[in-house]
1. Ignoring everything except DSSP H segments at least 4 long, calculate the 222 nm mean residue ellipticity for the chain; use -39,500 (n - 2.57) per segment, divide by total residues, nearest 500.
2. Starting with the fewest neighbours, write out 63, 122, 10 ranked by other beta-carbon atoms found within 10 Å of each beta-carbon.
3. Taking the 0 to 90 degree range and rounding to the nearest ten, how far is the long axis of helix 43-53 tilted relative to the main principal axis of the chain, both from C-alpha atoms?
4. About the Cα centre, and with charges only on the beta carbon of Lys, Arg (+1) and Asp, Glu (-1), how big is the dipole of the stretch 6-142? Nearest 20 debye, please.
5. In degrees from 0 to 90, rounded to the nearest 10, what is the angle of the helix 13-24 Cα long axis to the longest principal axis of the chain?
6. Which of 123, 3, 42 sits closest to the plus end of the dipole of the chain, meaning its Cα is farthest towards the positive end, when Lys and Arg get +1 and Asp and Glu get -1 on the C-beta?
7. Calculate, for residue 75 and residue 141, the FRET efficiency according to 1/(1 + (r/R0)^6) with r their C-beta to C-beta distance and R0 22 Å; round to the nearest 0.05.
8. So for the stretch 35-144, averaging the separation of alpha carbon pairs under 8 Å that are six or more residues apart and normalising by length, what relative contact order in percent results?
Amino acid sequence: MRPEPQVWESDAPETTERLAAELAGRLEGSENLLLVGELGSGKTTFVRGLVRGLGGDPALVASPTFVIVHVYAARFPVYHIDLYRLQGLADIQQAGVLDLLEEPGVKAIEWAERLDGYPVPSAVLIRLEVLGPTARRIVVEWKR
């Protein structure tokens, strides 16, 4: 049975990071976090908190838009993946992203809606909704 979705309210980037760090404590090390939200909604900020919560260096976290994948050392390896520039599953597969979904470690995938229905194992959907200049609603749904 899946747990009910969690809904969090964040009033600042620091709060978003703190909430992500709390979520990190529940991870087992093989999850695929599907981050969905408009440009500027706080996806990279969320990953920064996640890395901090897993014992990594949050100062190293930057958007991987141009390199597609950054890997951060933490309690589990954290693969920070950005699908923004990729067009469809063929591009995503060619970039090697689909293979990473089966690797050990936590995968935080920005613009995950571009996976277009691909059956992602150990998926956790994280929707970031903009409510105001710094306010966000974060909805976490455990899909496994």
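1. Taking each H run of at least 4 residues, the total per residue is -6500 deg cm²/dmol.
2. Lowest count first: 63, 122, 10.
3. 80 degrees
4. Computed charge dipole of the stretch 6-142: roughly 220 debye.
5. 60 degrees
6. Going by the Cα projections, it comes out as 3.
7. Efficiency for this residue pair is about 0.45.
8. The normalised contact order for the stretch 35-144 reaches 27 percent.
Where a number appears in this text, it was derived from the coordinates with a stated rule and is not lab data. Keep in mind the model is a prediction, meaning the values are calculated, not measured. Cβ sites come from the backbone with ideal geometry, for glycine too, and all protein chains shown count toward neighbours.
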